[in-house]
1. Would you list the helices (runs of 4 or more DSSP H) that sit entirely within the stretch 38-138 and hold 2 or more residues that are within 16 Å of the chain's Cα centre (by Cα)?
2. May I ask you to say which residue of Ala88, Ala129 is surrounded by fewer than 23 Cβ atoms within 10 Å (Cβ to Cβ) and closer than 14 Å to Val12 by Cα?
3. Identify, please: which residue in the stretch 106-145 is of a type in the set (A, V, I, L, M, F, W, C) and modelled with pLDDT under 85 and is, among those, farthest from Arg7 (Cα to Cα)?
4. State the number of residues belonging to the stretch 57-69 that are surrounded by fewer than 16 Cβ atoms within 10 Å (Cβ to Cβ) and more than 15 Å from Gly125 (Cβ to Cβ).
5. May I ask you to list the residues in the stretch 98-136 that are free of Cβ contacts under 8 Å to residues at least 24 places away in the same chain and hydrophobic (A, V, I, L, M, F, W, C)?
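The values are calculated or read from the model by the stated rules, or taken from the named source; none is laboratory data. Predicted model only: the values in this text are computed from it and were never measured. In this analysis, Cβ positions are derived from the backbone assuming ideal geometry, glycine residues included, and neighbour counts consider all displayed protein chains.
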Amino acid sequence: MTRLTSRLPLAVGVASLAAGVTTIVASIAVWQPCFDGEPEGNYGPCAVVQSAAEFVVIFWLWAAVFVALIVSAIVTRAQPFGAVVGIAVLLALNPLGDSFAISPALFNKGEISWDTTPGTGIATGTGIAVAGILLLTTRHVTRRAASERAAV
């Protein structure tokens, strides 16, 4: 059980950080036609991207990281701070809020699109990456504190 409690946060943290950065980079690349100032209309590269159904993958990725953080918080119940704060970050930067509030405010002049709002995925990816960073940094701090207590 000790191996699981020490390695699970590391694995979840690294996977979350990698998934978050990948989501951010992919989202920026996918939304580039919309960021380039394409004229309004129901055709063109931006409209094609907006009507794509692949953005559901971001929701499933977010849900998988959310569950992994909950499991990590339960397994490392002695020091769950990083996982609990990571869960709070994920709740704040969730895919629905990203699509209907954050992305319209930041990337679409406050307007919600009929399909997927341009910029969707960037805030969610940021939340996933931040959760991974929180888990990794608090894991390091708690391991160092534990080794200092053992030395005393």
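1. Result: 56-75, 81-92.
2. Ala129
3. Checking each candidate, the answer is Trp114.
4. 1
5. Passing the criteria: Phe100, Ala101, Ile102, Ala105, Leu106, Ile112.
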